[in-house]
Amino acid sequence: MAASLELSGSAADIGVAYQRALELKAAQINASGLLGRRKLTVRVQDNRGDPATALTQITAFAADPSVTALITGTCADCTSGAAKVIEQDHLPTIALSPVADVIAPAAERRYIFRLAPSADDDAVVLTSELGRAGQRKVALLASDDAYGKRGADALAREAGKISAKVVARAQFAPADSDLSKAAHTALAGNPDAVVIWGYPPQAALAVGAVRAGGYHGQVYLDAVAAGDLFLGGPFAGTDGTSLVFTPTLAIDDVIATTPAKAARRQWFQDYTSRYSTYHGHASFAADALQLIANAVVQSGSIDGATLRTRLETAQVDGLSGSIRFTPDNHSGFAPQSLTMLEARAGRWRLLG
């Protein structure tokens, strides 16, 4: 196994969580004996969020006969830029990117799968909550990249369905640390609610910027903004902020009434025991590795084409939620697994 992740740069917060999850899950799979005499190892490299670096790494992985499959991180261009290599070398790849376009066009990306919430799914859940709360004037602060732009389009579309409107839209570069100007632009529309679409560190900065700008209304975050369980550092003082994500980040509020829920609680405990905290996105990387391991066991093979065929029909109630791939849909995460969380007393809790 190999992984090309963002361990530095604007998405490093999530990339490091992915790396930790892969290390822990690989150890668990090996200890379980699932693969028989085979042992699972994951070679992780830092692509720094740079498509050229990722292409070099993935090309080397694809040429290495010991690499059975690949996991890539949040950077959509890093996966898309290597799509031809992935296809030509029959390298099954699971992308943990929030940008759905990494699997399109499907006919040219038969070996690429995606496991993460999408902008469209986030927007549906967010606007449902906006409608329930009667908030019709919405301001948006979004990162100026493919992920942020897709989110802006999705939010505007879904807002229209509840007779709401995005009255102001501000962008910030993925590396910006001063978001006061973007916050000022967003608040100019006198919104009922503010939606922030950004990676965890910048999402926290954006919350602080809108509060510093005098805004005291409701703030909502999309799923990619999910970070550590404990809201210290830049996220300190954000009580009342709402987040669309999976219930795993608020696992203490979840009653383990099914084997899947019990497994999520155990995963949460194992991760926090090892790393002293929990990061929301960790479960997606763990599920990706488990799906690949399952495909090896079910097929009895490490051949790329055989594993791809197995992944196309994979269905599991995973650590992140319900997952189902089909030949026509390589984006496996079920939107029904998303819910609304709220920051209370320094950590995330189920809303309501």
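The values are calculated or read from the model by the stated rules, or taken from the named source; none is laboratory data. Since we're looking at a predicted model, the values are computed, not measured. Cβ placement follows ideal geometry from the backbone for every residue including glycine, while neighbour counts extend to all protein chains displayed. With ligands, DNA and RNA removed, areas are computed over all heavy atoms of the protein, side chains included. Shrake-Rupley method; radii C 1.70, N 1.55, O 1.52, S 1.80 Å.
Between H184 and T277, what is the FRET efficiency for a Förster distance of 35 Å, r being their Cβ-Cβ separation, to the nearest 0.05? Here the calculated transfer efficiency is 0.60. Helices meeting the span-like rule in the chain (full DSSP H runs, Cα extent of at least 15 Å along the helix axis, mean Kyte-Doolittle score of -0.5 or higher): 12-32, 51-63, 119-133, 200-212, 282-299.
What the phi angles of the stretch 322-329 give under the Karplus curve with 6.51, -1.76 and 1.60, with θ = phi - 60°, is a coupling list of 6, 10, 8, 9, 9, x, 9, 9 Hz, glycine and proline written as x. Scanning residues 5 or more positions from A95 or on other chains, those with amide H under 5 Å from its amide H are T72, F113, R114, L115, with H placed 1.01 Å from N in the peptide plane. Once backbone amide H atoms are built at 1.01 Å from N, Q218 has V194 as its partners under 5 Å, excluding neighbours fewer than 5 places away on the same chain. Taking amide hydrogens as placed 1.01 Å from N in the peptide plane, the amide H of N47 sits under 5 Å from those of L5, E6, L7, each at least 5 positions away in sequence or on another chain. For the listed peptides 32-44, 203-215, a ranking on the average number of other beta carbons within 10 Å per residue, highest first, reads 203-215, 32-44.
Dipole size of the stretch 110-149 about its Cα centre, with +1 on Lys/Arg Cβ and -1 on Asp/Glu Cβ: approximately 120 debye, rounded to the nearest 20.
Sequence-ordered 3J(HN,Hα) estimates for the stretch 164-179 from the Karplus curve with 6.51, -1.76 and 1.60 and θ = phi - 60° stand at 9, 8, 7, 8, 7, 9, 10, 10, 9, 5, x, 9, 5, 10, 9, 10 Hz, glycine and proline given as x. Here the simple spin-label model places points 7 Å from the Cα toward Cβ, and for T59 and A173 these points are separated by 2.8 nm. The figure for W267 is an accessible area of roughly 10 square angstrom, using a 1.4 Å probe on the protein chains alone.
On the beta carbon distance between N329 and R37, with R0 = 45 Å, the FRET formula returns roughly 0.85. With contacts taken as Cα pairs under 8 Å and at least 6 residues apart, the chain reaches a relative contact order of 17 percent. Take R265: with every protein chain present and a 1.4 Å probe, its accessible area is about 60 Å². Taking 0.36 nm per residue of sequence separation and removing the Cα-Cα distance, the Q336/D101 pair yields an extension gain of 82.6 nm. From its DSSP helices (H runs of at least four residues, each -39,500 (n - 2.57)), the chain gives a residue-normalised ellipticity at 222 nm of -12500 deg cm²/dmol. Ordered from largest to smallest accessible area (heavy atoms of protein chains, 1.4 Å probe), the residues D77, D145 come out as D77, D145.
Along the stretch 100-107 the Karplus relation, 6.51 cos²θ - 1.76 cosθ + 1.60 evaluated at θ = phi - 60°, assigns HN-Hα couplings of 5, 5, 5, 9, 10, x, 4, 5 Hz to successive residues, with x for each Gly and Pro. Taking each residue as 0.36 nm, the span from Q298 to L350 lengthens on full extension beyond its C-alpha to C-alpha distance by 15.1 nm.
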